[in-house]
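Single-structure report; data block below.
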Amino acid sequence: MPLTLPDWTPEAPLERLHLDWLSAAGVEVAMLRLDLIDPLISGNKWFKLVPHLRAASAAGAAGLISLGGAHSNHLHALAAAGQRFGFPTVGLLRGLEQDTPTVRDLQAFGMHLHWLGYGGYRARHQAGFWERWRVLCPTLHPLPEGGGGLPGALGCACLVARVREQLSGLGWDDYHGWWLAAGTGTTLAGLVLGEAGAHPVYGAMAVPADHGVAQQVGAILHEAGVGDSGYRLLDACRGGFARVDERLTDFIRSSEAASGVPLDPLYTGKALMALRQAVEVGHVARGSRLLFVHTGGLQGRRAGLLGQDGAHRASLSGSPSAAIECP
């Protein structure tokens, strides 16, 4: 039977961020704590997911099928939502089978997993990729990697209004821009749409430039019929996606100790470090008030990338899953 759209509108608090380097530079930052909306359906993922759930419901789909890696915040939120709200989910995963905290959660939440290998996962951008899965899983609605595309961006556009409703609680009457991590660029594009040119949006890219963030943001804005402007992308990947060096680790640990805010080493930690670098070289003017988005999703932290005991590979050889099982 078709899935029923959940009646759930989570709230995210806007909180001042207290760090010595901000105070020294005379810069004020308020953090939108999307990590606090829910213990499992964390961060920006829910806002990107809602429009796709509407489309799936309208199409009469029973559930959703999507893509991600072994530490995917997106798949984790999708699987948790499926369990909570009673619709089936399928995950198509990058690489060979691995045992990680995230993968164990996906299985516990009831998501059916299929490992595509690396070549099979790269094929996700090819025309006709979804045809096979539409045949194998005809009752499921395909969801782009990361909940991307214009629907996901429109789901994030509402964050602008939600933040503006909370400004008075900070004693602010306005702000000078947004700062957030960019993985696919979907949330950034949503903020650009929500702002409609009123304030700039700065995206600290957690992936290298050749991952196509600029092209994806441009395509979303073009599809929405708006100009490709109002934002700036900055390199924050520190040499590659999921690259974690000692400086980043030390920065995250000291920032957490000072602020009490948990950070992940893939997205929010790198974005905050990039903001500090911009502040210290004077690219952020004294007296600026910025909105920083904590995009949630701490799966990379659970993977042991900050030095904790984390994931281990369950299989270093073999082929992608051959047995196809769809609900």
Legend entry - Residue list for the range 91-115, filter: within 12 Å of Ile65 (Cβ to Cβ) and surrounded by fewer than 19 Cβ atoms within 10 Å (Cβ to Cβ): Leu113
Inset, instruction - Look at Ile37 and say whether it is in contact with a strand residue (DSSP E or B) (Cβ under 6 Å, 6 or more places away or on another chain) and either assigned by TED's automatic domain parsing to the domain that holds Cys156 or surrounded by 21 or more Cβ atoms within 10 Å (Cβ to Cβ) (or both). - result: no
Legend entry - Those helices (runs of 4 or more DSSP H) lying entirely in the range 236-303 with at least 2 residues polar (S, T, N, Q) and touching a residue at least 24 places away in the same chain (Cβ under 8 Å): 246-259
Inset, instruction - Provide a single number: the residues in the range 273-303 that are surrounded by fewer than 22 Cβ atoms within 10 Å (Cβ to Cβ), of a type in the set (S, T, N, Q) and within 22 Å of Val163 (Cβ to Cβ). - result: 1
Inset, instruction - Sort through Ser168, Ser72, Ser66 and tell me the only one that's over 20 Å from Val213 (Cα atoms) and among the small types (Gly, Ala, Ser). - result: Ser168
Inset, instruction - Identify, by number, the condition in (1) at pLDDT 95 or above; (2) touching a helix residue (DSSP H, G or I) at 6+ places or on another chain (Cβ under 6 Å) that Ala108 doesn't meet. - result: (2)
Inset, instruction - Please tell me if Ser23 is closer than 29 Å to Ala285 by Cβ and of a type in the set (Ser, Thr, Tyr). - result: yes
Inset, instruction - Scan the range 215-240 for residues that are surrounded by 14 or more Cβ atoms within 10 Å (Cβ to Cβ), in contact with a Leu (Cβ under 9 Å, 6 or more places away or on another chain) and closer than 17 Å to Pro144 by Cβ and report the count. - result: 5
Legend entry - Elements of type helices (runs of 4 or more DSSP H) in the range 67-163, at least 3 residues being without any contact (Cβ under 8 Å) to a residue 24 or more places away in the chain: 101-108, 129-136
Inset, instruction - Kindly indicate which of Pro88, Pro138 is more than 28 Å from Ala214 (Cα to Cα) and surrounded by fewer than 19 Cβ atoms within 10 Å (Cβ to Cβ). - result: Pro138
Inset, instruction - Would you mind finding the one in Trp8, Trp21, Trp46 that is under 30 Å from Gly119 (Cα atoms) and either of a type in the set (Phe, Trp, Tyr) or in the same structural domain as Ala181 (by TED's automatic domain parsing) (or both)? - result: Trp46
Inset, instruction - Name the single residue, out of those in the range 236-258 being under 22 Å from the mean Cα position of the chain (by Cα) and among the small types (Gly, Ala, Ser), that is modelled with the lowest pLDDT. - result: Ala242
Inset, instruction - Residues being over 18 Å from the mean Cα position of the chain (by Cα), small (Gly, Ala, Ser) and part of a loop (DSSP other than H, G, I, E, B): count how many of those fall in the range 1-36. - result: 1
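The values are calculated or read from the model by the stated rules, or taken from the named source; none is laboratory data. Bear in mind that the values here come from a model prediction, so they are computed numbers and not experimental data. No Cβ is skipped: glycine too gets one built from the backbone with ideal geometry, and neighbour counts run over all protein chains shown.
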